[in-house]
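Novice: Below: one structure in C-alpha cells.
What follows draws every value from the coordinates through simple rules; no lab data is involved. Every value quoted in this text rests on a predicted model; they were computed, and no experiment measured them. Because the Cβ atoms are built from the backbone with ideal geometry, glycine has one as well, and the counts that use them run over all protein chains shown.
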Amino acid sequence: MTDLSSTEPATHRSLKVADARTKKRNAAEKRFRAYGIVAIAIGGLFLLALTYNILKAGLPAFTQYVVELEVTLTQDEFDAAESQMLKTAAYTDIFIGNFEANLEERGVEVPYDGDAIERLLGKVGGDIRSYYRENLDDIGQPVTFQLQTSSRVEGYFKGRVNRDTIVDSRFLMGSDLDIVDALRDAGVLTSRFNWAFVTGTDSGVDNPGGAGIGASAIGSFFMMLVVLFLSLPIGVAASIYLEEFAPKNRLTDLVEVNISNLAAVPSIVFGILGLSVFIQFAHLPQSAPLVGGLVLTLMTLPTIIISTRASLKSVPPSIRDAALGIGASKMQSVFHHVLPLAMPGILTGTIIGLAQALGETAPLLLIGMVGFVAREYPDGVVSGFMDPNSAMPAQIYTWAARADVGFYEKAWGGIIILLIFLLLMNALAIFLRKKFERRW
Amino acid sequence: MTDYKISAKGVQVYYGDNHAIKDVNVDIEDKTVTAFIGPSGCGKSTFLRTLNRMNDTIDICRVEGDILIDGEDIYDPAVDPVQLRAKVGMVFQKPNPFPKSIYDNVAYGPKIHGLARNKAELDEIVEKSLRKAAIWDEAKDRLNAPGTGLSGGQQQRLCIARAIATAPEVLLMDEPCSALDPIATAQVEELIDELRQSFSVVIVTHSMQQAARVSQKTAFFHLGNLVEYGETDKIFTNPEDSRTESYISGRIG
Ligand SMILES: Nc1ncnc2c1ncn2[C@@H]1O[C@H](COP(=O)(O)OP(=O)(O)OP(=O)(O)O)[C@@H](O)[C@H]1O
Ligand SMILES: [Mg+2]
C-alpha cells in the first residue's frame, strides 16, 4: 500500500495560469499550425500561377477571326466559272467583285489586290467553289460566307505579329495590316468563338488556324471506355479475391509485392510492352484507341487494385463476422456487406486511375497515337476503337513540338480542354462518393 | 452419447504457437442453458467460436479434436460451415450491427435462408425477433433508421434479435449483457430462459449472479483448461476444484 498523502501536490497551482510545460506544448502546436498554413499557401500560390498562365496562353485558341461577306452567285456566273480553265481563279474574281461592292456600300476606302486577299483569307476561290458545288440550290440566293483569316492575321490580333517588327513576306505584308484594320473598323472582320478548335481535327503543319482537338478527344473517349470496362471489373475482382478469399502464403505475398511494384513502373515501359505484345505479336492495328486503351489498362490496374484493397481492408472485420455468424456465405458477406461499404473508396481509386490514364502521353507515342494521326472522325463505334486516332495529351504534345508559333496557343488551349475533362471526372468521383457514402 | 446436443472431445486450439484451449472435453445438453465462466483471456470466447467454426476466419487459428453436434462431426470435410452457422447462431462480444436499417439487420438472415415466403411473413419474423430481444418498443417507430445509430446496449439487443431471427438450434452468446442496464439484462435473461424451451443456449458471462440465475450447467475455464463442469447449483455452492472456488469467491481473475 502506498501512502496516499505523499502523492498530493506540494503547492496548489491555479488552472488559469499555464505552467511552463503547457506553454511549450501550446507553442509547438501553434508553430505546427503555422507550418501547415504556409504549406497550403505555397501550394495555392503555385496553383494560381499555373491557372493564370494556362488561361492566358490558352484562351486565345478559343477565338477565331472571320471576314463575313454576303455573296450572291447567279446561275450564269456559275456556268461561266465552271466552263473556264482556271475555275478557282474565276470564283476568286467573283468574290472580289462582291467584296468590292460590299466595301463601297459601307464606305470603306482601302487599296488592296487579289494577292492581298489571298494573304489575308487564303484561297477563297476554292472555298466558294466547293460550297456551291455541294449546295446547288443556293445559286441565285444571297449566301453569307464566314471566311477564316490566315494565322498571321490572327497573330496580329493576338499580339504575335507587330506593326513595328513586321517583315514583308509572301505570307503577310505591312500594308495588309491597313486592310485588316479597315475591315475590322467597318465590322466586316469580326471575332467569334472558335468552335472548329473544340470540334475539329488536326491540320497540316502550316495551318495552325485549322487545327482542332475534337478528333483526338474522341480518341481519348474510346480509350477511356476500354480502360474503364477492362480495369474496373478485372481490378475489383482481383482485389476481392486477394483480400477476401486468397490464402495468405508465399505466392500471394509475391503477387502482392509485384502489384505494388507495377504501380511504380514508368508509363513508357508499358508503352514498349504494348508495342511488342499488342502490335508486333498480336497484330492489332497501330495507332488504334483499342491498343491505347489496353496499354493504359495495364497501367491503371495496379492503381485500382491497390486502392480497392485498401478500401476493402478498411471495412471493420466485425461486419464480416456478423454476416458469417448468421450463416451468410463468404460471397454473400462480401457482396452484401463489405463491398457496399468499400464502394466509395473503390470509385475514388478508379476515377483517379482513369484520370491518370487520360493524361498519359508517353506510352501512346510509342504505339503510334501521335497527334497528326487525328485527321478525321471515326465513322462508327468499331472504327472508333480500331481506326488510327490520337488522344488529347498526344495531340497537345504534337502541337507543342511544331515550329509554327500558331500551334503554341493551340497546345495551351488543348490543355484547357484536357483540364476541363479532368475536372468533370473528379466532380463525378465526388458525386459518386457522396452518393454511396452512408454516414452511419 | 447422442443425447447431447454438442459434445466436444479432446479439443485443442492454437493461435500460432499460443495454445489457447487445452484438451477440453465437454457435453452440452439440448434445451439447457450452459454458462462459460472464467477469468479474462482464459479462452471462453475461443472455445465458443469453435462450436460454429467462426475460428475458420482466423488464419493462424488451428483446431484439433472432435466436436459433434447432433452426433455429427462439424469439422468433417463434408460439413459446410455456412450451413452449420445457420444452425448454430452467435451473438458476439462486441455489438456489430450491419450499417443498414434496423429492419434490414433482422431481416437479412431470414432472407438469405429463405425463411419467409413474402413480405408479411418477413415483417412478422422481424417483429417477433425484436420483441423477444426486448427492443421492439424502442425500435418499432424507427425500423428504417440505421442500426448503428442505436446506443451500445440497444445495438447488442438488435444483434440478439438478428441471431434469433434465423431460428438457430443452438445459440452461442458471448457476454450478451455486458453493455446492458439491469432492466434490459433482466429482459435478455428472460429471453434466454424462453429460448431454453426449444434450443440449447451457451452463454459466456463475467457475472456470477447471471450464471447462477440463467444456467443449468456451468463450465469454469482457467488458462485454457476446463477446470470444472457440472450442475450450476453444485459449482456455485460446492465446487470440487479449489481454483473454481477462489474464482467464484473473487480471489482470482
Ligand atoms: N485472433 C486471435 N489471434 C491470436 N490470439 C488470440 C486471438 N483471439 C484470442 N487469442 C488468444 O487466445 C487466448 C484466449 O482468448 P479469448 O478471447 O478466448 O479469451 P476470453 O476468455 O474470451 O477472455 P474475455 O473474457 O476477456 O473475453 C488469449 O490468450 C488471447 O490472447
Ligand atoms: Mg471473450
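Novice: First obtain the Kirkwood hydrodynamic radius of the range A:285-431 from its Cα pairs, then insert it into the Stokes-Einstein equation at 4 °C and 1.567 mPa s, and state the resulting D in µm² per second as a whole number.
Specialist: 73
Novice: What's the center-to-center distance, using Cα atoms, between the range A:111-150 and the range A:364-440 in Å?
Specialist: 33
Novice: Counting C-alpha atoms alone, how compact is the range B:16-92: give Rg to one decimal and Dmax as a whole number, in angstrom.
Specialist: Looking at the range B:16-92, its Cα Rg and Dmax stand at 12.7, 36 Å.
Novice: Chymotrypsin sites (Phe, Trp or Tyr not before Pro) within the range A:28-68: which are DSSP loop residues with at most 16 other Cβ atoms inside 10 Å?
Specialist: Those that pass, being in a loop and sparsely packed, number zero.
Novice: Normalise the Cα radius of gyration of the range A:292-363 by 2.2 N^0.38 Å (N = residues in it) and let me know the number.
Specialist: Scaled against compact globular proteins, the figure is 1.38.
Novice: Something else now. So, in Å, what gap is there between the alpha-carbon centers of the range B:61-113 and the range A:305-352?
Specialist: Value for the Cα centre distance between the two parts: 19 Å.
Novice: What list do you get for A:Arg250, A:Arg320, A:Arg33, A:Arg433 if you sort them by fewest beta carbons within 10 Å?
Specialist: A:Arg250, A:Arg33, A:Arg433, A:Arg320
Novice: Given the C-alpha centroids of the range B:218-232 and the range B:155-188, what is the distance between them in whole angstrom?
Specialist: 23
Novice: Let me check I've understood the local charge: for A:Gly353, count other residues with C-beta under 15 angstrom from its C-beta, Lys and Arg +1, Asp and Glu -1. What total comes out?
Specialist: Result for the neighbourhood of A:Gly353: +1.
Novice: Do you know the relative contact order of chain B, to the nearest whole percent, from alpha carbon pairs under 8 angstrom that are 6+ apart?
Specialist: In percent, rounded to a whole number, it is 27.
Novice: What base-10 log of the normalised intensity I(q)/I(0) is obtained for the range B:197-244 from the Debye formula, alpha carbons as equal point scatterers, at q = 0.16, 0.21, 0.33 Å⁻¹?
Specialist: -0.43, -0.73, -1.42
Novice: Restricting to Cα pairs below 8 Å that are 6+ residues apart, what does the relative contact order work out to for the range A:214-436? Please round to a whole percent.
Specialist: Result for the range A:214-436 is 30 percent.
Novice: Also: Any idea what angle helix A:87-106 forms with the longest principal axis of chain A, computed on alpha-carbon atoms, 0 to 90 degrees, nearest 10?
Specialist: Around 90 degrees separate the two axes.
Novice: Using amide H atoms built in the peptide plane, which far-off residues or other-chain residues are under 5 Å from B:Gly230 H to H?
Specialist: B:Thr218
Novice: For the range A:257-267, what does the Karplus curve 6.51 cos²θ - 1.76 cosθ + 1.60, with θ = phi - 60°, yield as ³J(HN,Hα) per residue in whole Hz, taken in order and with x for Gly and Pro?
Specialist: 4, 5, 5, 4, 5, 4, 5, 9, 6, x, 5
Novice: Once you've got the Cα coordinates, tell me which of A:Lys434/B:Lys119; A:Lys123/A:Lys158; A:Lys330/B:Lys87; B:Lys5/B:Lys31 are over 20 Å apart.
Specialist: A:Lys434/B:Lys119; A:Lys123/A:Lys158
Novice: Where Lys and Arg each count +1 and Asp and Glu each count -1, what net charge lies around A:Lys30 among other residues with Cβ under 13 Å from its Cβ?
Specialist: My count for the surroundings of A:Lys30 gives +4.
Novice: Kindly put B:Ser7, A:Ser314 in sequence by how many other C-beta atoms sit within 10 Å of each C-beta, fewest to most.
Specialist: Neighbour counts put them in this order, fewest first: A:Ser314, B:Ser7.
Novice: In Å³ and rounded to a whole number, note down the convex hull volume per residue for the Cα atoms of the range A:60-193.
Specialist: 111
Novice: Follow-up question, since we're still on this one. Where does the Debye-calculated log10 I(q)/I(0) of the range B:6-248 sit at q = 0.12, 0.13, 0.14 Å⁻¹, using only Cα point scatterers of equal weight, no solvent?
Specialist: Summing over Cα pairs of the range B:6-248 leads to -0.68, -0.79, -0.92.
Novice: Next question. Counting just the Cα atoms, what span does the range A:55-116 cover along each of its three principal axes? Round to the nearest Å and put the largest first.
Specialist: 50, 28, 21
Novice: Excluding B:Lys234 itself, calculate the net charge of residues whose Cβ lies under 11 Å from the Cβ of B:Lys234, where each Lys or Arg counts +1 and each Asp or Glu counts -1.
Specialist: Summing Lys/Arg as +1 and Asp/Glu as -1 gives -3.
Novice: If I take all pairs of Cα atoms in the range B:115-253, what percentage of them are more than 25 Å from each other?
Specialist: 36
Novice: Divide the volume of the convex hull of the Cα atoms of chain A by its number of residues and quote the answer in cubic angstrom per residue.
Specialist: Numbers: hull volume 128.4 nm³, N = 440.
Normalising the Cα hull of chain A by residue number yields 292 Å³.
Novice: Moving on. Quick one: which residues, 5 or more positions from B:Gly65 or on another chain, have an amide H under 5 Å from its amide H? H modelled 1.01 Å from N in the peptide plane, none for Pro or chain starts.
Specialist: Residues meeting the amide H criterion: B:Gln12.
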